[in-house]
Amino acid sequence: MSSEIEIWVEKYRPRSLDEIVDQEEIVRRLKEFVRTKSMPHLLFGGPPGTGKTTAALALAHDLYGENWRDNTLELNASDERGIDVIRSRIKDYARTLPIGDVPFKLVILDEADNMTSDAQQALRRTMELFSRNTRFILIANYVSKIIEPIQSRCAVFRFQPLPKGSAIERLRWIAKNEGLEVDEEALEAIWEESQGDLRKAINTLQAASVLSRHVTVDTVYAALGKVRPKEVREMLESAVKGDLVGAREKLRVLLYNYGLSGLDIVRLVHREVLSSKSPLRLDNVTLADLLVLIGETNYRIVEGADDEIQLMALLSKIALLAKSGRS
Amino acid sequence: MSARELPWTEKYRPRRILDVAGNEEAKKKYVAWINSWVRGKPTKKAALLYGPPGCGKTSIVFATAQEFNWELIELNASDVRSREAIEARVFSSSRTGSVAGYAGKIILLDEVDGISPREDAGGLQAILDLIERSAYPVVLTANDPWDPKLRPLRDVCELIEFKRLGKRDVVKVLESICAKEGITCDKEVLSAIAENAKGDLRAAINDLQTLAAGRKSISLADLQVLGERAEQESMFEVVRTVLTAKTPEQALSVTRLPSLDYEMLLQWLSENVVYQYEPSLQAIADAYDALSWADVMLSRMKREQQWALLSYALELMTAGVASARQRPPFKFVKYNFPEKLRLLSRMKEQREKFRRAVRLAARNLHVSTSTFKTEILPYIKVIYEHDRKKGEELLEKLGVRREDLEVVLRG
């Protein structure tokens, strides 16, 4: 099993509801849907890496067996270009009848909370239109960002972050399968850094395992240190030094070489700002100032403004803030 | 100039690409593009040669036709560029075989910035269609490629910039014409003609021919006949006006230019303001505040069809920038073409590959492309750095094609 190279989050993703060891209450109710071959629309909410997508896929698998893909349409709201595209894909897909003895097909719509409320209204109508032979599973980090009329049409399931014990148990099991030696403190460190996000934890373990077959606390931090694109920190460091030409060069590497979107970069800057080791932890600059600037940039880019101009405006304000305390 | 005499600009048009004066970089780029056609695998079906008048854009196309023995199919500004005209004259011949005697064809659409969207109804679309369907190289020329109406053409063309010729290049050509015409003429005189022509070789040759009419020698005194030639305002000058304006009103004056491409101006200002206002962080931050607001206004204007917002956007990017606090004293800065646009166009193909690969991998992992790029790919890159084979295999397993691996892992 361990010889084949695969990304572990996929390799060790539970295929069936039976394989899901946590979220007992949720799993129990989902199995009931499988047994009766009937279910309402579902809404899965919860932080990243808590098994929402896995549970949806496992449910599909258990409902339809090995041919689950024929009866399941997977969409990611963040990647489909607008509600019209989503609607027409659902329409095309819902036109045909389900194969097998389950009387409905499944639409899994991930990151549904990234849709505007107008788009969600349109989605609601689509859900109604095809409810005769289609069930939706909407997945969202924040249930509160899903409009009320959709919430009220769905059975809502809230996924909790895995308790520390089960997460570490899972990591230990994967390590054993891969023939890895992992120190107990290393597992603790992975848990600490991943904040209950199992996907992040497993990815960290896999990256650390490449650095050394014996995973220690040091290997874990070495791997994590390499994972964060250093350009984001370097870009901020240049800005803090007042070198905006240098900051722009790094910004362009992120945008045009790494292929990140402006929004991706705003998120990484946001994360960097909150980290205690951030170059932006300056005596004279309050976190509130920075968060307002970053939030405003985020809003403008979502609104459709130019990535590079908005991020440069952000960096030049950061440069000015940093300087005002120095002189 | 006697009636029967050919204009020297025609008579001495270069017959080989290498004989086109100056613009070495543009020639290199152009030859690479033409070669891609000769090899049967064009990088882009059309090229847009742009630059001020008289710097060799049309000549290089004539030279190409001569050198390769291709039939030159030419349309220029005086032609009616209606869809019908293009269909009849250019398109009907763009796919069918060539007339006997020619080895191929090349299509020249001269001065495309002269197209009027109103009078040449459908002309622009017809050009796009032509490029799309043509089996032969299509060359467009323009003085101002940043004209907003040309945007769709910019996207499909190889952009090749021709610059004003240097004085020395112009003098060299004038000397060789004098030699062939048997005219004696001081280098000083030729130098003055070149100076007056401001890098426009066609103007210089025309002036030379005018001065030489009916005589075998030219003196400095003869030069007075020539009028001063006016220079056109280019994007560089617009940027300079805004970034070195003494008052906001001065900067605002550029918004009255008839064919100002304000979106392009925004990019040019963003590119160059950092260099012009260095080292004043206050000035850069203020300027960027104005530019970023101009950008927001433009995007709201387009999204919500609130055309009234345009004036705020224009004022912000000109007067707004020029009202930045603590601007440093004037210094001469050599302005750059927006690096962003260069990078975007250079990496267009790569980005397409990257997008395709990421989309596939994200789908196979049941995550969004954004999650894949920020939450998964960094880990795969760490693995790749330590074990290349393993990193590649991981991606292949996620459905990334072998030929796309490099572009995904490169960053």
Inset, instruction - Find the residue count for segment A:278-312, including only residues that are among the hydroxyl-bearing types (Ser, Thr, Tyr), outside any loop (DSSP other than H, G, I, E, B) and either closer than 17 Å to residue A:244 by Cβ or touching a Lys or Arg at 6+ places or on another chain (Cβ under 9 Å) (or both). - result: 1
Inset, instruction - Would you point out the residue of segment A:219-230, among those that are surrounded by fewer than 23 Cβ atoms within 10 Å (Cβ to Cβ) and at the interface with chain B (Cβ under 10 Å from one of its Cβ atoms), that is farthest from the chain's Cα centre (by Cα)? - result: A:222
Legend entry - Among the candidates B:154, B:168, B:164, residue that is assigned to a helix (DSSP H, G or I) and open to solvent by 30 Å² or more (accessible area, probe 1.4 Å): B:168
Legend entry - In segment B:275-295, residue least open to solvent (accessible area, probe 1.4 Å) [restricted to those that are at pLDDT below 95, under 29 Å from the mean Cα position of the chain (by Cα) and within 9 Å of another protein chain (Cβ to nearest Cβ)]: B:275
Inset, instruction - Pick out the one residue from A:168, A:150 that is in a helix (DSSP H, G or I), more than 19 Å from the chain's Cα centre (by Cα), surrounded by 15 or more Cβ atoms within 10 Å (Cβ to Cβ) and in contact (Cβ under 8 Å) with a residue 40 or more places away in the chain. - result: A:150
Inset, instruction - Tell me which residues, restricted to segment B:1-18, are open to solvent by 50 Å² or more (accessible area, probe 1.4 Å), in a loop (DSSP other than H, G, I, E, B) and at pLDDT below 85. - result: B:1, B:2, B:3, B:4, B:5, B:6
Inset, instruction - Test residue B:367 against the criterion of being open to solvent by less than 40 Å² (accessible area, probe 1.4 Å), assigned to a helix (DSSP H, G or I) and either farther than 30 Å from residue A:245 by Cβ or aliphatic (A, V, I, L, M) (or both), and give yes or no. - result: no
Legend entry - Filter result for the condition that a residue is open to solvent by less than 60 Å² (accessible area, probe 1.4 Å) and not aromatic (Phe, Trp, Tyr), over A:110, A:101: A:110
Inset, instruction - Determine if segment A:180-197 includes at least one residue that is at the interface with chain B (Cβ under 10 Å from one of its Cβ atoms) and more than 21 Å from residue B:384 (Cα to Cα). - result: yes
Inset, instruction - Could you please find all residues in segment A:281-306 being under 19 Å from residue B:298 (Cβ atoms), open to solvent by less than 60 Å² (accessible area, probe 1.4 Å) and more than 9 Å from every other protein chain (Cβ to nearest Cβ)? - result: A:298, A:301
Inset, instruction - Only one of these is closer than 30 Å to residue A:178 by Cα and of a type in the set (Asp, Glu): A:243, A:264, A:218, A:306. Name it. - result: A:218
Legend entry - Subset of segment A:58-104 (residues that are in a loop (DSSP other than H, G, I, E, B) and closer than 22 Å to residue A:32 by Cβ): A:98, A:100, A:101, A:102, A:103, A:104
Legend entry - Any chance residue A:233 is modelled with pLDDT of 95 or more and touching a helix residue (DSSP H, G or I) at 6+ places or on another chain (Cβ under 7 Å): no
Inset, instruction - From B:396, B:352, grab the single residue that is closer than 30 Å to residue A:212 by Cβ, open to solvent by 20 Å² or more (accessible area, probe 1.4 Å) and more than 7 Å from every other protein chain (Cβ to nearest Cβ). - result: B:396
Inset, instruction - Select from segment A:259-277 the residues that are open to solvent by less than 10 Å² (accessible area, probe 1.4 Å) and either within 14 Å of another protein chain (Cβ to nearest Cβ) or part of a loop (DSSP other than H, G, I, E, B) (or both) and list them in ascending order. - result: A:262, A:264, A:265, A:266, A:269
Inset, instruction - Confirm whether residue B:82 is open to solvent by 60 Å² or more (accessible area, probe 1.4 Å) and modelled with pLDDT under 85. - result: no
Inset, instruction - Run down B:312, B:379, B:335, B:384 and say which single residue is among the aromatic types (Phe, Trp, Tyr), more than 11 Å from chain A (Cβ to nearest Cβ) and in a helix (DSSP H, G or I). - result: B:312
Inset, instruction - Provide a single number: the residues in segment A:81-123 that are of a type in the set (Val, Ile, Thr) and in contact (Cβ under 8 Å) with a residue 60 or more places away in the chain. - result: 1
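The values are calculated or read from the model by the stated rules, or taken from the named source; none is laboratory data. Everything numeric here is computed off the predicted structure, so don't read it as measured data. With ideal geometry, Cβ positions are generated from the backbone for all residues, glycine too; neighbour counts draw on all protein chains shown. Each accessible area value is taken on the protein alone, full model and side chains, heavy atoms only, with ligands, DNA and RNA left out. Shrake-Rupley method; radii C 1.70, N 1.55, O 1.52, S 1.80 Å.
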